1. Which whole-Hz ³J(HN,Hα) couplings does segment B:77-91 yield from phi under the Karplus relation 6.51 cos²θ - 1.76 cosθ + 1.60, θ = phi - 60°, glycine and proline marked x?
2. Counting other C-beta atoms within 10 Å, and keeping those with at most 16, which DSSP coil chymotrypsin sites (Phe, Trp or Tyr not before Pro) do you find in segment A:263-327?
3. With the Cα gyration tensor of chain B giving a ≥ b ≥ c as the square roots of its eigenvalues, does the rule (a/c under 1.5 for rounded; else a/b larger than b/c for prolate; else oblate) give rounded, prolate or oblate?
4. Run the quick spin-label model on A:Glu22 and A:Lys214: label points 7 Å from Cα toward the beta carbon, then report their separation in nm to one decimal.
5. Work out from phi, with θ = phi - 60° and the Karplus expression 6.51 cos²θ - 1.76 cosθ + 1.60, the ³J(HN,Hα) of each residue of segment B:121-134, listed in order in whole Hz, and give x for Gly and Pro.
6. Share of Cα-Cα pairs in segment A:196-326 beyond 18 Å, in percent?
7. Over chain A, what lengths in whole Å, largest first, do the semi-axes of the equivalent ellipsoid take, defined as the square roots of 5 times the eigenvalues of the alpha-carbon gyration tensor?
8. Taking the Cβ of each residue in B:Thr187, B:Thr68 as the centre, tally the other Cβ atoms inside 10 Å and list the residues starting with the fewest.
Amino acid sequence: MALITIREALRDAMAEEMIRDEKVFVMGEEVAEYQGAYKVTQGLLERFGSRRVIDTPITEHGFAGLAVGAALAGLRPIVEFMTMNFAMQAMDQIINSAAKTHYMSGGLLTCPIVFRGPNGAASRVAAQHSQCYASWFAHIPGLKVIAPSSGADHKGLLKAAIRDNNPVVFLENEMLYGNTTEVPDGEHLVEIGKAAVLKEGNDVTIVSFSIQIKNVLIAAQEAEKNGISVEIIDLRTIRPLDVTTIINSVKKTNKIIAVEEGWPFAGICSEIAAIIMENAFDYLDAPLIRVTGKDVPLPYAANLEKLALPQIDDITNAIYHICKKTS
Amino acid sequence: MVRRNKDIDSANACRYYEEMLLLRRFEEKAGQLYSMGLIGGFCHLYIGQEAVAIGIQAALKSGDSVITSYRDHGIMIATGSEPKYVMAELLGRATGCSKGKGGSMHMFDPAKGFFGGHGIVGAQVPIGTGLAFAAKYNNTDNLCVTIFGDGAVNQGQVYESFNMAKLWNLPVIYVVENNGYAMGTSTSRASSVTDFFRRGESFGIQGRQVDGMNFFAVYEAMQDAVAKVRKNNEPLLLEVQTYRYRGHSMSDPAKYRSKDEVAEYREKRDPIEQMKDYMLKNKLINDSALIDIEKKIKKIIEDAVNFSQESPEPNVSELYTDIYTK
């Protein structure tokens, strides 16, 4: 076990996989000589050299497509988007070239690529730099979408993503990079597509992912003081979604709250609501409650930004509401 | 070593003639089958452009890769793919090269170095640049020929690709297939600068303009480019001026150009007729052999059509396969 930051866990994951497989390389803006815009790739250039750690020009559409071509030819690129907001420039290559080609080619071509970068809101960086793309990418058959919250999961899932032969979108969060947690040393792999039950409980299930897990944990602690037993599920992977773990939990607690940072319309919480309807309707004592970011472009002013994002109170209020409803 | 026309002996001239004729007859048949409702969706025919595909391929070696747009049937067959699997794909059959799941625009043959087959205009350009990146990363002397049209040439991602290719010295030959029209828009209506061979200048990429209606012109330009790229690991650009006799796709009546213009190309500059005239003039072939070639090609196409029509549609279970790989 090592006590390291999440950015170090990500760096270790990439370094270990680059040692293990010569075909793995990293490309993105400032990943090499600058040591990474958020210092995630720190030290990789020195260790592996410029053939395998490549600074790109600011041309996301072009370098995402170039990386797809390299992957179709059998290399294993890790493409860093400085933030996932900039991935929108590359959307056609991610979706039409990376995600769909295995199917369109009848299985002939594969695209073992990882697109990774910070997703969602940071701090005061305003509307164009703060969007959550979990829902956009999770919509696409052919992509895998991962969004870890713990340090151990960042490492284990990034290693798994790099070894996966499918295109994977790996969603991080800038505000988590500095978190220090216990991360297993060496060959720590986490299975893609398996959620984690962080805390067992009986009264209500809360399902969430990425940075909102922190808020969920605190809200649950609050609720526990008031005698409510909360079960917390960290999705870890958005697509493929671990439906079994979610349904098993709802069968036990009969109540579910879904929490995400992104917007409510057609978000991940909406998908969970549909899945509950299809698989666990008869087990519900109350309708699912969604706690999401507000349906607004993210404002800059500190007070407005706070209001626009899910707060701990939003979650505790949901817990009390859903439990009160059934008593 | 750059070879000249006179170095192409009788056997090779016949071979290239036959290959161009195969492409021509294949595409004519595809057009026919489309009109009969056996091929659906989009179908972009390569008729008139045969010298480009065959001329490019003649200069390549095993290990090189080729990538293009949705006007891909001719290029794919030129790399050596069997016509019957291309035809079966067009008819949406299980025996198609993409198991019927891709269609006209999404065909691939990686074993032959053919990486598609791409439906989004210009998307193949960064991808092709990436294929070249991989060739260099793997320390090979392989290169990638990345083909795109006079419509795609204005895409931003093309210039992003040029920039990276030159910055990183990637072994890629960019071929602009200028057939004069991007769907219904002529080059003069779409491009402020129509000297497409100069489009790489801002990125230090040398370009050359080539008569794409003449096999030898394409072949010679390609040989020259290939030699330079293999030696120097640098990107190069060829603007190949060609012409498509049919519309942009089977849905296009091509009202934006005159019948006279089409006739001019067909009667005076046809690539297959040019090769035939060359061979006859230089006594590399006789009429009887020409008839034999026509018969041989006809049989190949007939067999491809029969094979396709006798093949079943994909099994319904294939709806849910190949979304992810292991």
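1. With coefficients 6.51, -1.76 and 1.60, one gets 5, 4, 6, x, 5, 6, x, 5, 7, 6, 4, 5, 5, 4, 8 Hz.
2. Answer in residue order: A:Phe265, A:Tyr300.
3. Verdict is rounded for chain B.
4. Modelled inter-label distance: 4.2 nm.
5. After applying 6.51 cos²θ - 1.76 cosθ + 1.60, I find 4, x, 4, 5, 6, x, 4, x, 4, x, 5, 5, 4, 5 Hz.
6. 49 percent
7. After scaling each eigenvalue by five and taking roots: 34, 21, 19 Å.
8. Ranked by crowding around the Cβ, least crowded first: B:Thr187, B:Thr68.
Read-outs throughout are calculated quantities, based only on the coordinates presented, and are distinct from any laboratory measurement. Since we're looking at a predicted model, the values are computed, not measured. No Cβ is skipped: glycine too gets one built from the backbone with ideal geometry, and neighbour counts run over all protein chains shown.
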